[in-house]
1. Is there any pair with a first residue in region 104-128 that is under 17 Å from Phe86 (Cβ atoms) and touching a residue at least 40 places away in the same chain (Cβ under 8 Å) and a second that is among the hydrophobic types (A, V, I, L, M, F, W, C) and open to solvent by 60 Å² or more (accessible area, probe 1.4 Å) whose Cβ atoms are under 7 Å apart and which are 6 or more apart or on different chains, and what are they?
2. Between a residue in region 19-34 that is farther than 10 Å from Asp45 by Cα and without any contact (Cβ under 8 Å) to a residue 60 or more places away in the chain and any residue that is surrounded by fewer than 18 Cβ atoms within 10 Å (Cβ to Cβ) and among the polar types (S, T, N, Q), which pairs come within a Cβ distance under 8 Å, given they are 6 or more apart or on different chains?
3. Name the single residue that is farthest from Gly122 (Cα to Cα) among those in region 62-89 being of a type in the set (A, V, I, L, M, F, W, C) and open to solvent by 80 Å² or more (accessible area, probe 1.4 Å).
4. If you take just the helices (runs of 4 or more DSSP H) that sit entirely in region 1-94, which of them hold at least 1 residues that are under 20 Å from Arg110 (Cα atoms) and at pLDDT 90 or above?
5. Mind checking which residues of region 81-100 are out of contact with any helix residue (DSSP H, G or I) (no Cβ under 7 Å at 6 or more places or on another chain) and either touching a residue at least 40 places away in the same chain (Cβ under 8 Å) or basic (Lys, Arg) (or both)?
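The values are calculated or read from the model by the stated rules, or taken from the named source; none is laboratory data. It should be emphasised that the depicted structure is a prediction, and the values quoted were computed from it without experimental measurement. In this analysis, Cβ positions are derived from the backbone assuming ideal geometry, glycine residues included, and neighbour counts consider all displayed protein chains. With ligands, DNA and RNA removed, areas are computed over all heavy atoms of the protein, side chains included. Shrake-Rupley method; radii C 1.70, N 1.55, O 1.52, S 1.80 Å.
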Amino acid sequence: DNEALSAERLARDLPDRDTLRARRHILATKRHERDDDPDTNLVVDIDMAILGAPWDDYLAYARGVAREYLPVYGAEAYAAGRAALFLTPTLARSHIFLTPEFAALDARARHNLAAERDLWQGGTFGSI
């Protein structure tokens, strides 16, 4: 719910400003789906850019996410959830990135996501 909390905080902390569009951008990073607003798509791609980073940078990101959630769910549940709720559905998309500016990162993102999924499913993520 961090996206919703950020959007609420934006509205609360800047009550005299028109924050509707910024809130829309923030909330879009939760679902990572194409929007009719090109700027929203760009914000989503910026949020997802780490997926197309070099492997070592991506792995550091994935480890950070795991450190955040492993204490909450435990290794087995987290591994299953990460694969089923994020890695596999993201790989199933025809395009991971929504804008031409980020399209070149698609192949590397697919490699990173598949490699992470394989590590979790093989039980070896924690050993690398």
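1. Qualifying pairs under 7 Å: Asn112/Trp55.
2. Ile26/Ser6
3. Just the residues of region 62-89 that are of a type in the set (A, V, I, L, M, F, W, C), to begin with: 62, 65-66, 70, 72, 75, 77, 79-80, 83-87.
Pick out the ones that are also open to solvent by 80 Å² or more (accessible area, probe 1.4 Å) and you get 72, 85.
Details: Val72: 21, Leu85: 17 Å.
Only one residue fits best here, namely Val72.
4. Working: elements: 2-13, 20-31, 38-48, 55-73, 75-82, 88-92.
Here the list reads 38-48, 55-73, 75-82, 88-92.
5. Initially, region 81-100 is screened for residues out of contact with any helix residue (DSSP H, G or I) (no Cβ under 7 Å at 6 or more places or on another chain), giving 84-86, 89, 92-94, 100.
Across region 81-100, the qualifying residue is only Arg93.
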